[in-house]
Each structure stands twice: as structure tokens, then as C-alpha cells.
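Q: Pasting a structure below so you can have a look.
The values are calculated or read from the model by the stated rules, or taken from the named source; none is laboratory data. What you are looking at is a predicted structure, and each value in this text was computed from that prediction instead of being measured. All Cβ positions, glycine included, derive from the backbone under ideal geometry; neighbour counts span all protein chains shown. Accessible surface is based on the protein model in full, side chains and every heavy atom, while ligands, DNA and RNA are left aside. Shrake-Rupley method; radii C 1.70, N 1.55, O 1.52, S 1.80 Å.
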Amino acid sequence: VLTWVAYALALAAVAAAARWYVRRVDELGRRRPFPAVSVALLALLTVAAAAPGVLRAREEHRLARAASDLAGRRVRVHCQTFGEEFVDAGAEIGYVRWRADGRPESRTVLKYEPCRDLARYLRSGKRAPTFEQVVAVHLLTHESMHLAGEHNEAVAECRAVQRDTRTTQLLGATFGQARALAARYWREVYPRMPEDYRSRDCAAGGALDEGLGDPPWA
Ligand SMILES: [Zn+2]
């Protein structure tokens, strides 16, 4: 909605300037002053209204680059706006829709809150992520596993915990910061996940251990 407001404001600014231009000389031949204050004010409001949309688009682009790397194909990330989240009754904080042929769509939808946490994480120094930021970074990995074609929640979750270090690095963290974030998810969040998201095989040497370089249990 704000983006439409921005368009309307930009149009109003142009209209004010155009209105001045066609009537810049009055009936007595005197020059009318340019409506600098109203045009500047409209321009300022335009920028203010457009900023959230522009920032969200930039964030989505950055997240999509990481998700594409993780999923092994080109995918998109959509961050819900506050309004979209308000009308979305779903309980999950992110999802991938599945097509009739059983394959995933090529985009994931992340709710407003985790997207805000991811934006804050991207802007941060990445030294001391909040608990919510840890969960949000992992969410991106988890949904990327669905985008890669994994339907089963426990398998997607286990594949994700083994790639959280990579995701975190893709978002700009150092290797040390990334390992710490992945380990924290594994210790603090994974054990508390609902049963269908966990598996006894998700452990060092377990059936779901892919033998990747940086498992969280190392
Ligand atoms: Zn899932």
C-alpha cells in the first residue's frame, strides 16, 4: 500500500510543478514563485513512503541469492509486509508451496517478523545475534531445503542444521560467527522443535548425517 502512496505522492509533486509551469506568469505579467515548499514536501513524503518497499526488495534480493545457493537452483524469497501477515492465518513462520506434480514452487514466503529479524541481522555486526535472529537465519536454510525438493519436515530440518554455517556465511558473517550461530540453533532450538521436525537419525554418524564440513554437532 505504501508503494502506491509513494506513486500518488510523486504524481502530486509532478502535478504541482507542472501546474506552476503552465501558469508561471499571472494575468498582470508577474512571475509566480515556484511552489518550492510544497514540491519539496511532496518529494520528501514520496521518499518516506517508497523507502520500506525499496528496502524490502533489496533484502529479498539478498536472501534469494543465499537461498538459491543453498537450494542449488534459482529461487526467490518473498517477505510478507505487515498487512500481508495480518491477513495470513497460517501458523508457520515461512513456507514453500507445492505444485500438483509434487515439486516445490520456486519461491518461499517468509512472514513479516522473521524477515524483520533477518533484516536486522544483515545490518548488524553479526557478533551477537538475538535468539530471534538465529531462528530467522535457520528458517531461511530450512525453506531452502524445501525449495531444493525435500518435502519431509524432519529431513529438511536435519539438512538445514547441517547448512546453517553456510547460510550464515552467505549472509555476510565470518566463519567463526557462522559456526557459533549454527551451534546455537542446534543446542537451543532443535531439541525444542515439534516431534515431526526432529529425528533420532539427525546426529553425528546418524542416517541423516551428510558428512558435510561444518555439522553443528562438531
Ligand atoms: Zn518445513
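Conditions (1) within 22 Å of R159 (Cβ to Cβ); (2) free of Cβ contacts under 8 Å to residues at least 60 places away in the same chain; (3) open to solvent by less than 10 Å² (accessible area, probe 1.4 Å), marked per residue:
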{"site": "A66", "(1), (2), (3)": "yes, no, yes"}
{"site": "C79", "(1), (2), (3)": "no, yes, yes"}
{"site": "G83", "(1), (2), (3)": "no, no, no"}
{"site": "V87", "(1), (2), (3)": "no, yes, no"}
{"site": "D101", "(1), (2), (3)": "yes, yes, no"}
{"site": "S124", "(1), (2), (3)": "no, yes, no"}
{"site": "L140", "(1), (2), (3)": "yes, no, yes"}
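Q: I'm told R120 meets every condition in (1) within 13 Å of E59 (Cβ to Cβ); (2) surrounded by fewer than 21 Cβ atoms within 10 Å (Cβ to Cβ); (3) within 14 Å of the ligand (Cβ to nearest atom) except one. Can you identify the failing condition by its number?
A: Tallying (1) within 13 Å of E59 (Cβ to Cβ); (2) surrounded by fewer than 21 Cβ atoms within 10 Å (Cβ to Cβ); (3) within 14 Å of the ligand (Cβ to nearest atom), R120 fails exactly one: (3).
Q: Now a separate question. How many residues are touching a Pro at 6+ places or on another chain (Cβ under 6 Å) and either β-branched (V, I, T) or not in a strand (DSSP E or B) (or both) if we restrict to the stretch 79-106?
A: Initially, the stretch 79-106 is screened for residues touching a Pro at 6+ places or on another chain (Cβ under 6 Å), giving 93, 96, 98.
Subsequent filtering for residues that are either β-branched (V, I, T) or not in a strand (DSSP E or B) (or both) retains 93, 96.
Looking only at that region, the number is 2.
Q: Let me ask something additional. So, E188, is that one closer than 18 Å to R73 by Cα and among the acidic types (D, E) or not? Can you show your working first?
A: Values: closer than 18 Å to R73 by Cα: no; among the acidic types (D, E): yes.
No, not satisfied.
Q: I've got another one for you. So the check is Cβ under 9 Å with 6+ separation or different chains; which pairs have a first residue in the stretch 23-47 that's over 13 Å from A10 (Cβ atoms) and assigned to a loop (DSSP other than H, G, I, E, B) and a second one that's β-branched (V, I, T) and open to solvent by 60 Å² or more (accessible area, probe 1.4 Å)?
A: Once the first residue is over 13 Å from A10 (Cβ atoms) and assigned to a loop (DSSP other than H, G, I, E, B) and sits in the stretch 23-47, its partners that are β-branched (V, I, T) and open to solvent by 60 Å² or more (accessible area, probe 1.4 Å) give R32/V25.
Q: Just for helices (runs of 4 or more DSSP H) wholly inside the stretch 107-163: which have at least 3 residues that are at pLDDT 95 or above and under 10 Å from the mean Cα position of the chain (by Cα)? Full working, then the answer.
A: Details: elements: 112-123, 131-147, 153-161.
Result: 112-123, 131-147.
Q: Can you tell which of R166, R159, R184, R200 is more than 29 Å from R123 (Cβ to Cβ) and of a type in the set (K, R)? Quick ask: steps written out before the conclusion?
A: Values: R166 fails: more than 29 Å from R123 (Cβ to Cβ); R159 fails: more than 29 Å from R123 (Cβ to Cβ); R184 fails: more than 29 Å from R123 (Cβ to Cβ).
Only one candidate passes the filter, namely R200.
Q: Which condition breaks for E60 when tested against (1) within 16 Å of the ligand (Cβ to nearest atom); (2) in contact with a His (Cβ under 7 Å, 6 or more places away or on another chain)?
A: Evaluating E60 over (1) within 16 Å of the ligand (Cβ to nearest atom); (2) in contact with a His (Cβ under 7 Å, 6 or more places away or on another chain) leaves (1) as the failure.
Let's see how each residue does on (1) among the aliphatic types (A, V, I, L, M); (2) modelled with pLDDT of 90 or more; (3) within 34 Å of the chain's Cα centre (by Cα):
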site	(1), (2), (3)
V1	yes, no, yes
A12	yes, yes, yes
A15	yes, yes, no
R19	no, yes, no
R23	no, no, no
G29	no, no, no
L42	yes, yes, yes
L45	yes, yes, yes
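Q: To continue, here is another question. Considering only residues that are away from the ligand (no atom under 16 Å from the Cβ) and open to solvent by 40 Å² or more (accessible area, probe 1.4 Å), look in the stretch 142-170 and name the one that is nearest to A66 (Cα to Cα).
A: Taking the stretch 142-170 as the starting set, the residues that turn out to be away from the ligand (no atom under 16 Å from the Cβ) are 165-166, 168-170.
This time we only want the ones that are open to solvent by 40 Å² or more (accessible area, probe 1.4 Å), so: 166, 169-170.
Values: R166: 9, Q169: 9, L170: 6 Å.
Filtering first and then ranking leaves L170.
Q: Would you please name the residue that is nearest to the ligand (Cβ to nearest atom), looking only at residues in the stretch 172-218 that are hydroxyl-bearing (S, T, Y) and assigned to a loop (DSSP other than H, G, I, E, B)? Before you say what the answer is, go through the steps one by one.
A: Filtering the stretch 172-218 for residues hydroxyl-bearing (S, T, Y) gives 174, 185, 190, 197, 199.
The next check asks that each one be assigned to a loop (DSSP other than H, G, I, E, B); those that pass are 174, 199.
Working: T174: 28, S199: 13 Å.
Applying the filter and picking the extreme gives S199.
Q: Just one of (1) in a helix (DSSP H, G or I); (2) among the charged types (D, E, K, R); (3) open to solvent by 30 Å² or more (accessible area, probe 1.4 Å) trips up E59, so point out which.
A: For E59, the exception is condition (3).
Q: Kindly provide the set of residues from the stretch 68-77 that are part of a helix (DSSP H, G or I) and open to solvent by less than 50 Å² (accessible area, probe 1.4 Å), ordered by number.
A: Residues of the stretch 68-77 that are part of a helix (DSSP H, G or I), as a first pass: 68-71.
Matches in the stretch 68-77: S68, L70, A71.
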